[in-house]
Amino acid sequence: MEKFDVVIIGAGVVGAMIARELSKYELSVAVIEKESDVCMGTTAANTAIIHAGYDPIPGTLKAELNVKGNKLWDELAFELGIPLKRTGDYVVAVGPEELKEVEKLFERGKKNGVVGIEMLGRDEVLSRLPYINKDVSGAMFAYTGGITDPFQATFASMENAVMNGVKLYLDTAFEDFIFEGNRIIGIKTNRGEFLSSWVINAAGLYSDFIMHKANLHPEFKITPRKGEYYVFDRNEFAISEVLFPTPTELTKGIMVTTTIHGNTIIGPNAHEVPDKEDTSNTAEGLEEVFRGASKLVPEIVNNLRHVIAIFAGLRATGNARTPNPNVDYHHDYLIEANPNMGILNLAGIESPGLVSSPAIAKMVVELLKDSGLELKEKKDFNPIRKPRPRFRDLSNEERAKLVSKNPAYGRIICRCEYVTEGEILEEIHAPIPARTYDAIKRRTWLGTGRCQGAFDTPRVVEILSRELGVSPIEVTKKGDSSYFLLRKTKEVEDER
């Protein structure tokens with residue numbers, strides 16, 4: 001039974017950023033994740049926005065960490081090879097009443113310390129966004145807003161952590177704590193016990209379950225809030241901006257936005273659900289998303305036939321049953337260290353959790369330091385994680401050089417997204433190996449185009465089978481029992 005200085009529960013973007021930040025120090029760190037890959041929970045299904053920081057309530061951790069996190073992303077993207085575009089974003093008002101609300105948001109942004117925000121009049125908005133609803137009354141524009149790839153942000157951060165000594169354990173589910181008196185000295189999992197001096201709870205939707213196992217915050221509960229989305233074929237319908245509607249008390253609203261891959265997506269709506277695994281889409285929810293997006297961009301009505309995918313994600317929204325007026329987990333993060341017990345909890349990390357994640361990681365390090373954990377910087381820490389080639393983004397000359405070195409880059413597996421066998425092989429044999437179809441999909445964007453994997457799936461199953469040394473029947477879509485194949489056709493013939 002190995003002992004670590006720190007065990008992190010959860011390998012979403014927050015857990016990955018914390019792992020990388022801790023890998024800068026002379027510490028033994030382990031990350032456990034119940035799924036077959038990193039980035040399979042809340043991080044895997046969101047709008048991928050780098051929020052400027054005008055939305056959170058002033059004085060909250062959300063507001064502070066959003067603004068701090070936004071400033072960290074340029075250096076982070078450079079070091080780790082994470083795609084990042086500072087597109088700016090618009091909050092659009094339709095009608096005079098909404099304009100009053102956007103003006104309040106503008107003032108909130110100034111209180112939060114957001115730089116580069118301005119109010120735009122109706123004529124200026126129509127000039128910049130000719131496809132916007134003609135009833136627009138104005139908008140706020142935030143220069144520091146942007147878009148990224150949450151998958152790459154998570155993989156890159158965790159890969160860099162692994163490169164710097166962190167150990168990652170997948171398919172490893174937390175079950176309980178190991179106590180010595182009132183002190184936590186380790187955890188029990190489905191794959192054995194892990195001893196540690198500190199446990200960091202970054203379990204997203206299940207962070208309340210873990211806190212309750214430590215007999216902490218019994219009043220706190222994660223209530224999943226589902227958001228549904230449409231994805232459009234970028235070759236048929238595409239915008240290049242990030243558009244928010246006027247927000248409500250419950251949500252930032254149904255967006256129309258570009259993505260780092262060039263697709264336009266619309267969504268999300270916001271509905272509380274009881275099941276932490278319920279990522280199903282509903283006819284009612286999708287209709288709500290369509291109506292909301294059409295209010296911003298009426299042209300969407302004529303482009304529904306160009307939808308190529310739908311999906312849903314769950315926000316880890318925190319709620320607390322407490323009479324304390326100073327406690328508002330519904331509008332803020334819960335981040336606190338308990339040095340007597342040796343646990344640090346992060347809960348209710350919903351939007352803007354993605355943009356906040358590097359600032360959250362730095363806050364965690366400071367909390368651990370203040371709680372007595374000795375932090376000695378490594379002399380050999382390497383902050384650079386070089387991104388792997390993406391054939392689609394290369395010039396013809398660059399492609400030819402790559403193919404001459406490795407012919408596998410000359411074999412196109414995914415026609416829609418122009419993903420090659422060489423890219424797939426790189427990911428299967430990466431520091432965090434892609435062992436399932438969806439793992440390869442998240443890393444390369446294979447199977448996300450018009451045909452949604454209809455062409456590439458048989459070839460990917462064949463490649464995974466060959467490279468992992470398993471039968472094609474053992475290859476899965478996303479781990480567990482998500483097999484593509486039941487048995488060989490020859491076996492069916494033999495039974496006749």
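Assorted remarks:
- Restricted to the stretch 245-254, and to residues there that are in contact with a strand residue (DSSP E or B) (Cβ under 7 Å, 6 or more places away or on another chain) and under 22 Å from Ala44 (Cβ atoms), the residue that is surrounded by the fewest Cβ atoms within 10 Å (Cβ to Cβ) is Lys252.
- If the condition is being in contact with a helix residue (DSSP H, G or I) (Cβ under 8 Å, 6 or more places away or on another chain) and either farther than 20 Å from Ile260 by Cα or buried (at least 20 other Cβ atoms within 10 Å of the Cβ) (or both), then the stretch 214-240 contributes His217, Pro218, Phe220, Lys221, Ile222, Pro224, Lys226, Glu228, Tyr229, Tyr230, Phe232.
- Top-ranked residue of the stretch 346-358 - restricted to ones that are aliphatic (A, V, I, L, M) and within 16 Å of Thr154 (Cβ to Cβ), ranked as farthest from the chain's Cα centre (by Cα): Leu346
- Some residue of the stretch 375-395 being surrounded by fewer than 22 Cβ atoms within 10 Å (Cβ to Cβ) and within 30 Å of Asn319 (Cβ to Cβ): no
- Residue list for the stretch 363-376, filter: touching a helix residue (DSSP H, G or I) at 6+ places or on another chain (Cβ under 6 Å) and either in a helix (DSSP H, G or I) or in the same structural domain as Phe155 (by TED's automatic domain parsing) (or both): Val364, Val365
- Whenever a residue of the stretch 99-112 is farther than 23 Å from Leu296 by Cα, its partners that are crowded, with 20+ Cβ neighbours inside 10 Å, lying with C-beta atoms within less than 7 angstrom and at least six residues away or across chains, give the pairs Asn112/Gly53; Asn112/Tyr54; Asn112/Pro56; Asn112/Ala63; Asn112/Val67.
- Selection from the stretch 220-239 of residues that are of a type outside the set (A, V, I, L, M) and more than 21 Å from the chain's Cα centre (by Cα): Phe220, Lys221, Asp233, Arg234, Asn235, Glu236, Phe237
- Of all residues in the stretch 255-294, those being surrounded by 17 or more Cβ atoms within 10 Å (Cβ to Cβ), assigned to a helix (DSSP H, G or I) and not hydroxyl-bearing (Ser, Thr, Tyr) number 7.
- Failed item in (1) within 30 Å of Glu377 (Cβ to Cβ); (2) surrounded by fewer than 16 Cβ atoms within 10 Å (Cβ to Cβ); (3) aromatic (Phe, Trp, Tyr), with Phe174 passing the rest: (2)
Yes/no per residue for (1) under 28 Å from Lys71 (Cα atoms); (2) of a type in the set (Asp, Glu):
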{"residue": "Gly95", "(1), (2)": "no, no"}
{"residue": "Lys100", "(1), (2)": "no, no"}
{"residue": "Gly116", "(1), (2)": "yes, no"}
{"residue": "Ser127", "(1), (2)": "no, no"}
{"residue": "Val136", "(1), (2)": "no, no"}
{"residue": "Ala139", "(1), (2)": "yes, no"}
{"residue": "Asp149", "(1), (2)": "yes, yes"}
{"residue": "Phe155", "(1), (2)": "yes, no"}
{"residue": "Lys167", "(1), (2)": "no, no"}
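- From the list Gly121, Gly69, Gly109, Gly53, the lone residue that is farther than 22 Å from Tyr229 by Cα, out of contact with any His (no Cβ under 7 Å at 6 or more places or on another chain) and either surrounded by fewer than 20 Cβ atoms within 10 Å (Cβ to Cβ) or among the polar types (S, T, N, Q) (or both) is Gly121.
- Filter result (hydrophobic (A, V, I, L, M, F, W, C), assigned to a helix (DSSP H, G or I) and either in contact (Cβ under 8 Å) with a residue 40 or more places away in the chain or not assigned by TED's automatic domain parsing to the domain that holds Tyr418 (or both)) within the stretch 452-479: Val460, Ile463, Leu468
- For the stretch 79-117, the set of residues classified as more than 27 Å from Asp149 (Cα to Cα), part of a helix (DSSP H, G or I) and touching a Ser or Thr at 6+ places or on another chain (Cβ under 7 Å) consists of Pro96, Glu98, Leu99, Glu101, Val102, listed by residue number.
- Residues within the stretch 396-430 that are over 23 Å from Arg450 (Cα atoms) and surrounded by fewer than 16 Cβ atoms within 10 Å (Cβ to Cβ), tallied: 11
- The stretch 154-168 residues that are farther than 14 Å from Ala430 by Cβ, paired with ones that are in a loop (DSSP other than H, G, I, E, B) and of a type in the set (A, V, I, L, M, F, W, C) (beta carbon under 7 Å, 6 or more apart): Asn164/Phe381
- Those residues of the stretch 195-212 which are out of contact with any Gly (no Cβ under 8 Å at 6 or more places or on another chain) and under 24 Å from Leu27 (Cβ atoms), in sequence order: Ile210, Met211
- Count of residues meeting criterion [closer than 14 Å to Met1 by Cα and not small (Gly, Ala, Ser)] in the stretch 191-206: 4
- Inter-residue pairs, beta-carbon under 8 Å, first over 18 Å from Gly342 (Cβ atoms) and in the stretch 1-21, second among the acidic types (Asp, Glu), 6+ apart: Ala11/Glu33; Ala11/Glu35
- Look at the stretch 242-254: where a residue is at pLDDT 85 or above and aromatic (Phe, Trp, Tyr) and a partner is in a loop (DSSP other than H, G, I, E, B) and surrounded by fewer than 23 Cβ atoms within 10 Å (Cβ to Cβ), sitting 6+ places away or on another chain with Cβ atoms under 7 Å, you get Phe244/Lys252; Phe244/Gly253.
- Within the stretch 304-349, the residues that satisfy the criterion of being at pLDDT 95 or above and in a loop (DSSP other than H, G, I, E, B) are Tyr333, Pro339, Asn340, Met341, Gly342, Gly348, Ile349.
- Residues that are under 22 Å from Arg86 (Cα atoms), at pLDDT 95 or above and among the aliphatic types (A, V, I, L, M) occur at least once in the stretch 221-236.
- Hey, Lys34 among the basic types (Lys, Arg), under 17 Å from the mean Cα position of the chain (by Cα) and within 28 Å of Ala293 (Cα to Cα) or not: no
- Filtering Lys405, Lys488, Lys401 for residues that are at pLDDT below 95 and more than 27 Å from Thr154 (Cα to Cα) leaves a single hit, Lys488.
The values are calculated or read from the model by the stated rules, or taken from the named source; none is laboratory data. Please read all numbers here as calculations on a predicted model, not as lab measurements. Glycine also receives a Cβ, built like all others from the backbone with ideal geometry; neighbour counts cover every protein chain displayed.
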